[in-house]
1. Among the residues that make up segment 158-179, is at least one of them farther than 25 Å from residue 39 by Cα, assigned to a loop (DSSP other than H, G, I, E, B) and of a type outside the set (Lys, Arg)?
2. (1) within 18 Å of residue 37 (Cβ to Cβ); (2) assigned to a strand (DSSP E or B); (3) modelled with pLDDT of 95 or more: which one isn't true of residue 228, the others all being true?
3. Which ones in segment 116-161 are under 22 Å from residue 249 (Cα atoms), among the small types (Gly, Ala, Ser) and either in contact with a Leu (Cβ under 6 Å, 6 or more places away or on another chain) or surrounded by 11 or more Cβ atoms within 10 Å (Cβ to Cβ) (or both)?
4. Can you report the number of residues in segment 42-85 which are within 20 Å of residue 186 (Cβ to Cβ) and assigned to a helix (DSSP H, G or I)?
Amino acid sequence: MSLGELLASARRGHDGALDVTVPETWLQGRTAYGGLSAALALEAARCLLPQVAPLRSAQIAFVGPVTGAVTAKPRILRQGRNALWIGVQITSAERVVLAATFVFMQPLDSAAVIASPRPPADLVDPAEAAVADSDQRPAFLRHHFETRYALPKAPSPQPDICLWVRLLDRGGLHPETELLLIGDALPPAVLPVMPVRGPVSSMTWQINLFAGAAAAEGEGWWLLRSSADEAARGTSSQHMMIWDAQGRPGASGTQTVAVFA
């Protein structure tokens, strides 16, 4: 079941609440894939106020396993002249398993202009890139995404992962929902340099959408890159970037990852 089909089957309450059952094909270990959980929360926020301004920022706390029957319940935190804050909690068995804050904002005239980061110079075109495939890939990747290596192989492992990623079924998705759904698809950047492989788990994720971020065009490829800034004492901090296939920036983010090894 694609996310579009999952949303079409969801029960929607008059207060914007969204009731769904997470399919096993969207799992990442014992919890739902983080991008799916974030996208469900965003859809609940949009149910509350369908005619909302563009999404500019999302802060996601992955509190516990998102699995089985879950409810995403939104509420307005603050509404100003130009910006709107909506908080969403996802609960499972009456326990909070995800807390999100979304900031929507109307475009404003501004004299501040800074060029956004460009993609790496030595990119491999997705049509020529090798498929990134492994039997160890989590269920959500095997069933819903295609991934390809975007950079030439480094001579030694680096805390840096860069892949082309696309959804196998993008039908019925708002462009911002697609961006959140795909934005967490890479494994944590610390993984390639871990001397002993062990469990890793995202704890928090902040993603900022660039002004004018567009939907994926053509074959739907997005370029994702995650680079670990630090890892010590059971956690790792990383920066993340997303571009479309034309090199236009879609979003940037940071993430805190728990490392259990």
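The values are calculated or read from the model by the stated rules, or taken from the named source; none is laboratory data. Note that this is a predicted model, so its numbers are computed, not measured. Positions of Cβ are generated from backbone atoms using ideal geometry, with glycine treated the same way; all protein chains shown enter the neighbour counts.
1. Step one: of segment 158-179, the residues farther than 25 Å from residue 39 by Cα are 158-159.
Next, from what is left, pick out any that are assigned to a loop (DSSP other than H, G, I, E, B): 158-159.
Subsequent filtering for residues that are of a type outside the set (Lys, Arg) retains 158-159.
Within segment 158-179, one or more residues are farther than 25 Å from residue 39 by Cα, assigned to a loop (DSSP other than H, G, I, E, B) and of a type outside the set (Lys, Arg).
2. Result: residue 228 fails condition (1) only.
3. Listed by number, the residues that qualify are 116, 129, 150.
4. The total comes to 1.
Conditions (1) more than 30 Å from residue 19 (Cβ to Cβ); (2) part of a helix (DSSP H, G or I); (3) of a type in the set (Gly, Ala, Ser); (4) under 22 Å from the mean Cα position of the chain (by Cα), marked per residue:
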{"residue": "97", "(1), (2), (3), (4)": "no, no, no, yes"}
{"residue": "109", "(1), (2), (3), (4)": "yes, no, no, no"}
{"residue": "118", "(1), (2), (3), (4)": "yes, no, no, yes"}
{"residue": "124", "(1), (2), (3), (4)": "yes, no, no, no"}
{"residue": "129", "(1), (2), (3), (4)": "yes, no, yes, no"}
{"residue": "135", "(1), (2), (3), (4)": "yes, no, no, no"}
{"residue": "147", "(1), (2), (3), (4)": "yes, no, no, yes"}
